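The values are calculated or read from the model by the stated rules, or taken from the named source; none is laboratory data. Because the structure is predicted, anything quoted here is derived from the model rather than measured. All Cβ positions, even for glycine, are placed from backbone atoms using ideal geometry, and neighbour counts span all protein chains on display.
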Amino acid sequence: MTTGDTAGRQPPDEVDARVGQWLDEGRALDAAAGLDAGRDQLLARLAAERGIGAWARSRTTAVRRGSWAVLLVVGAVAVSKRPDLAHYPLSYLAPAALAFAGLALWAALWALRPLHRPAPHRLQVGLLSAGLAVAPLVFALLPEAYGAAGASSPVPPEALPTAWECFIFGTLAGAPFAAVGWLLDRGGLVAGGRLLLMSLAAAAVGNLLLLLHCPNTDPVHLLAGHASVMVPPLGVAAFVAAWRRRAQRR
Amino acid sequence: METETSLAADDDALMAAYQGGDQDAFGLLYERYAPMLRRILRRGGLGDEETSDLVQESFLHLHRARADYRSGGGLRPWLVTIALNLKREHLRRRGRRPEAALDERAEERAGVAAHDAAAADRSRAVHAALQELPEGQRQVIVLHWFEEFSFPEISRILGVGLSATKVRAHRGYGRLREWLEHRGHR
C-alpha cells in the first residue's frame, strides 16, 4: 500500500472516520456482485472471434491506424489522374488536399482509438465533425477553385463529368475506407461517435479523391457533386440519433 | 506494497502468457478482475443485466486489445478504463433512464442471510447515496475508496488532471458527509 495522497485507503483530510466507516458498510453486498452470470457467454464470443475481422481488430492500435493511413495514401496516389493537374493552381490544390486528407485521418484515428485510453470530449468530436462537414463546402466556394484554373483548363467542356456522376464516384470511392474502418474497429463502430467520425472520414476521402480526379471547376458542380458527398453520413447520423431518441422515449 | 507489486507482476506474466496464446491465463485474469468490474459498474448505477453485458464487453475488448498491452503498464487501471469507456458509450445509447437499485435476487443467490439483512439495508443506503452524486464525483469515490486506486491512477483512468480528480474527491466526500448528517446516520 503506498502512502500519502497516493494511498488507496487513506482518505482526503476532509473525510472523517464516520464517513469512511459508513462507506465500508457499502461492501456488505460485494459477494452478490461477484456472482458470475456471463462467463459462458463470453467464452462463446471469444470462440467466435475468427476470420479476417477478428485478425484485423486484434492488431495493435498503431498497426490498425497505420493501415488506414496507408490505404489513404495509396488511394490518393492511385486516383490522382486529374487531366488539368499541370494547370491547376497549387495554391488551392495543396491546401484543399491537405485539409481533406488531414481531417479524414484525424477522424479515423479518433474513431479507431483504443478503449484503454480516455475518450475525447464530446465537444471535441462535435467540432471535428463540423469541420469535416464544412471543409468541402468552404473549398467549393473559394473563387480560386474555379478562377484561373477554370479559364485555362485544357479539358473540353463536353468531357466534364456531371454532378451526379461525381456524387456517385465520391460516395463509392469513400465507402471502402468506411468498410476497412469497420473491420479495424474493435467495437464494430457501434458507438455513435465512432460511426459518425468514420463515416465523415470516408466522405472526406471521397472529396479528396474527387479533388485529385475531377477537372470540373464549375462552382455549382463542386457544390452539388463534390461537397454533397458529405451529406449521406450526416443523414445517416441524424437518422440514427432520431431513431435512438425515439427508442429511449418508449 | 509488496502485495500490490507482486500482483502487478503476476498480471504482466498472465498477459504475456495470454498474448502468447495461453487461454488459461485469460481465465485466471477473468476470475481475478470480473468481480472488481462488476462492483465498479454496479456502484456506478447499472442494473444486473447491463453490468453483466459490460463486463463481458470489457473482457472481449481486453482480448481484442491484448497486443496493445505493455508490461508494467498496469492491467488493473487498463481494464477499468476500458469498462468505464464502454459504460459511457452504453449510457449514451441508452439515454437517461432511472438508475437501478441493487438487485435483491442477486442477494438471495449470494446467500445473504436474514441476520445480515440489517447490513444489506445499510449497504443499499450507501448505494443510494452514491447514486445521488454527480457521475464524476461518484466514479472517483468508487475507484478511490472501494477499489483502492490512487489519485494518479484515477486521474489516468478518467482522463482528467490530478487536481481535478482531487477536487472531485473533495466534493464527493463532502456531499456524502452532508447526506449522512441530514439523514441522521450514526
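Condition check ((1) surrounded by 14 or more Cβ atoms within 10 Å (Cβ to Cβ); (2) of a type in the set (S, T, N, Q)) across all residues:
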{"site": "A:61", "(1), (2)": "yes, yes"}
{"site": "A:67", "(1), (2)": "yes, yes"}
{"site": "A:94", "(1), (2)": "no, no"}
{"site": "A:99", "(1), (2)": "yes, no"}
{"site": "A:107", "(1), (2)": "yes, no"}
{"site": "A:113", "(1), (2)": "yes, no"}
{"site": "A:121", "(1), (2)": "no, no"}
{"site": "A:124", "(1), (2)": "no, yes"}
{"site": "A:135", "(1), (2)": "yes, no"}
query = Within the stretch A:59-101, how many residues are free of Cβ contacts under 8 Å to residues at least 40 places away in the same chain and within 14 Å of another protein chain (Cβ to nearest Cβ)?
reply = 4
inquiry  = Tell me whether the stretch A:138-149 contains one or more residues that are at pLDDT 85 or above, small (Gly, Ala, Ser) and under 30 Å from residue A:53 (Cβ atoms).
reply    = no
ask   = Which of the residues that make up the stretch B:149-158 are facing chain A (nearest Cβ under 8 Å) and without any contact (Cβ under 8 Å) to a residue 60 or more places away in the chain?
value = B:150, B:151, B:152
request  = For the stretch B:24-42, name all the residues that are over 13 Å from the mean Cα position of the chain (by Cα) and either hydroxyl-bearing (Ser, Thr, Tyr) or within 9 Å of chain A (Cβ to nearest Cβ) (or both).
outcome  = B:26, B:27, B:30, B:31
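Given the structure, is residue B:67 at the interface with another protein chain (Cβ under 9 Å from one of its Cβ atoms), under 27 Å from residue A:24 (Cα atoms) and not polar (S, T, N, Q)? Let's see the steps before the verdict.
Values: at the interface with another protein chain (Cβ under 9 Å from one of its Cβ atoms): yes; under 27 Å from residue A:24 (Cα atoms): no; not polar (S, T, N, Q): yes.
Answer is no for this residue.
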query = Is there a residue being acidic (Asp, Glu) and either out of contact with any helix residue (DSSP H, G or I) (no Cβ under 9 Å at 6 or more places or on another chain) or within 14 Å of another protein chain (Cβ to nearest Cβ) (or both) anywhere in the stretch A:35-44?
reply = yes
key: Residues of the stretch A:90-118 classified as within 14 Å of the chain's Cα centre (by Cα) and more than 24 Å from residue A:143 (Cα to Cα), total   = 10
message = Given (1) surrounded by 13 or more Cβ atoms within 10 Å (Cβ to Cβ); (2) in a helix (DSSP H, G or I), identify the lone condition not met by residue A:84.
response = (2)
inquiry  = Among the numbered criteria (1) of a type outside the set (Asp, Glu); (2) touching a helix residue (DSSP H, G or I) at 6+ places or on another chain (Cβ under 9 Å); (3) assigned to a helix (DSSP H, G or I), which one does residue A:70 miss?
reply    = (2)
